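Structure first, commentary second.
The values are calculated or read from the model by the stated rules, or taken from the named source; none is laboratory data. The model shown is predicted, which means the values in this text are computed figures rather than measured ones. Positions of Cβ are generated from backbone atoms using ideal geometry, with glycine treated the same way; all protein chains shown enter the neighbour counts. Remember, those area values only see protein heavy atoms, side chains included, never the ligands or the DNA or RNA. Shrake-Rupley method; radii C 1.70, N 1.55, O 1.52, S 1.80 Å.
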Amino acid sequence: MIEPSTTTFGSDASRARAGLADYVAIARPDHWLKHVFIVPGIVLAYLLVARGDPIPWLVIIGGFVVACLISSANYVINEWLDAQFDQHHPMKSKRPAVAKALSAKLVYTEYALLTVVGLGLAALVSTPLFVVALVFWLSGIVYNVEPSRSKDKAYVDVATEALNNPIRLVLGWVLIAPTSLPPSSLVIAYWAGGAFLMSVKRLAAYVLAHRLIMKP
């Protein structure tokens with residue numbers, strides 16, 4: 001994996017040393033709310049496949065914990081590898097990877113721990129959950145890491161990041177019905193909805209950044 005160039009936005013000596021709160025922040029636990037998109041998969045699987053069966057609450061809780069851990073691993077590597085680009089952004093330049101001197105060793109250790117624990121817990125819950133969690137983790141590699149790094153490719157970035165929505169849908173589904181998958185039409189519709197939201201997000205970020213840059 002590549003590392004952000006400290007010579008681009010200042011040496012570690014010119015930035016305050018990162019503390020525990022900064023390493024927690026790059027995992028973005030505040031973004032765990034996005035896993036609400038797992039809920040429709042759970043509800044639909046129960047209504048369409050497992051209606052009347054006992055609800056496996058421990059499995060559901062385990063699935064949410066897995067989703068949080070894997071998404072945080074993806075966020076950690078995202079922020080670390082984006083530091084040299086975020087320095088030029090009026091808002092993202094305040095992120096810990098830019099504003100603070102993070103230790104590469106600690107960042108990669110955090111990333112590895114989140115990945116191993118997340119995938120390990122998924123394997124304990126069920127094989128289908130492990131497969132979905134692995135796909136979720138790999139999507140972060142494709143999105144953030146060279147040579148693919150799809151986030152740097154126009155339109156492709158929206159298409160690939162929107163995959164997180166159907167991944168969450170399938171994750172919720174296999175928690176209830178591990179021997180089946182949701183209808184392909186539902187998966188495609190979930191992806192299309194995610195792509196629309198990501199397009200709106202990109203447009204809003206572009207407009208805001210342009211206004212901040214042009215502000216006298």
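Kindly provide the set of residues from the stretch 160-173 that are in contact (Cβ under 8 Å) with a residue 60 or more places away in the chain and of a type in the set (A, V, I, L, M), ordered by number.
Residues satisfying the conditions are Leu169, Val170, Leu171.
Check whether at least one residue in the stretch 131-152 is of a type outside the set (A, V, I, L, M, F, W, C) and touching a Gly at 6+ places or on another chain (Cβ under 9 Å), and report yes or no. Lay out the reasoning, then the answer.
Of the residues in the stretch 131-152, the ones of a type outside the set (A, V, I, L, M, F, W, C) are 139-140, 143-144, 146-152.
Applying the additional criterion that residues be touching a Gly at 6+ places or on another chain (Cβ under 9 Å) yields none.
No, because not a single residue in the stretch 131-152 is of a type outside the set (A, V, I, L, M, F, W, C) and touching a Gly at 6+ places or on another chain (Cβ under 9 Å).
Given (1) open to solvent by 20 Å² or more (accessible area, probe 1.4 Å); (2) touching a residue at least 12 places away in the same chain (Cβ under 8 Å), identify the lone condition not met by Val156.
(2)
Counting only residues that are within 30 Å of Pro54 (Cα to Cα), give me the helices (runs of 4 or more DSSP H) lying completely in the stretch 90-185 with at least 3 of them. Lay out the reasoning, then the answer.
Working: elements: 96-99, 104-125, 127-144, 156-161, 164-176.
Once the helices (runs of 4 or more DSSP H) in the stretch 90-185 are filtered for at least 3 residues that are within 30 Å of Pro54 (Cα to Cα), what remains is 104-125, 127-144, 164-176.
Testing Ala67 on (1) at pLDDT 95 or above; (2) open to solvent by 20 Å² or more (accessible area, probe 1.4 Å), one condition comes back false. Which one is that?
Status for Ala67: all satisfied but (2).
How many residues does the stretch 163-204 contain that are modelled with pLDDT under 90 and open to solvent by 40 Å² or more (accessible area, probe 1.4 Å)?
8
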